1. Looking at (1) closer than 14 Å to Ala146 by Cα; (2) touching an Asp or Glu at 6+ places or on another chain (Cβ under 7 Å), which is the one condition that is false for Arg37?
2. Hey, does the range 77-87 have a residue that's aliphatic (A, V, I, L, M) and over 22 Å from Pro23 (Cβ atoms)?
3. What's the number of the condition Leu40 fails, among (1) part of a strand (DSSP E or B); (2) more than 13 Å from Pro16 (Cβ to Cβ)?
4. For a quick check of your reading of the model, give me the residue pairs whose first member lies in the range 68-79 and is at pLDDT 85 or above and of a type in the set (S, T, N, Q), whose second is open to solvent by less than 20 Å² (accessible area, probe 1.4 Å) and not in a loop (DSSP other than H, G, I, E, B), with beta-carbon atoms closer than 7 Å and at least 6 apart or on different chains.
5. So for the range 137-146 (the condition being surrounded by 11 or more Cβ atoms within 10 Å (Cβ to Cβ), assigned to a helix (DSSP H, G or I) and at pLDDT 90 or above), does at least one residue qualify?
6. Taking the range 47-93 as the region of interest, how many residues are assigned to a loop (DSSP other than H, G, I, E, B) and on the phi > 0 side of the Ramachandran plot?
7. Applying the selection to the range 13-56, what residues are open to solvent by 40 Å² or more (accessible area, probe 1.4 Å) and among the small types (Gly, Ala, Ser)?
Amino acid sequence: CGSPLILEPGPKHIHPLAEKHWPAILALDAKVFGVSRGPLLRSLATDSRRVLIYESGGFIGGFGMLRNGALATYLGPIIAEPGIGEPLARSLLFGHGDQPIFWDIPDINKPASSLARKLGFSFLRPLTRMYLDTNLIASDPFGQWAITDPATG
């Protein structure tokens, strides 16, 4: 949460999600997150205030959602290839105004945390992914610029 965000509009490669983008979105999400979340992502997108993708030359390099929450607007999930997370996050936040925003970032993703601090967000709690015995679900926390929420991932 913080004061109003003053951001520039996103690059031309960032635009709203269309139905034709879903196969690429789901493939990217499964690669980065480690499991298939198709039904969950489609449900979240339906209820989101804004759903944007990064597309260049037919390549989908990321997607993100800005959703209504009970206490604040929620930024996430944001899944992105290297170099795409920051412009995608900035584009999702553009024009948001002064309403409270929650943005949960995996602890290890320092570039995302650094951007959040630069934009006026404050650290509230750690979000460490834990597992017992062997981690059977390989994921890429550096591609996760925002999780869906702490209860969902």
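The values are calculated or read from the model by the stated rules, or taken from the named source; none is laboratory data. Please read all numbers here as calculations on a predicted model, not as lab measurements. Backbone-built Cβ (ideal geometry, glycine too); neighbour counts: all protein chains shown. Side chains included, ligands, DNA and RNA excluded: accessible areas come from the protein's heavy atoms. Shrake-Rupley method; radii C 1.70, N 1.55, O 1.52, S 1.80 Å.
1. Unmet condition: (1).
2. No, that holds for no residue.
3. So the condition that Leu40 fails would be (1).
4. Taking only residues 6 or more apart or on different chains, the pairs are Thr73/Leu66; Thr73/Ile101.
5. Within the range 137-146, one or more residues are surrounded by 11 or more Cβ atoms within 10 Å (Cβ to Cβ), assigned to a helix (DSSP H, G or I) and at pLDDT 90 or above.
6. Qualifying residue count, the range 47-93: 3.
7. Ala24, Ala27, Ser36, Ser43, Ser56
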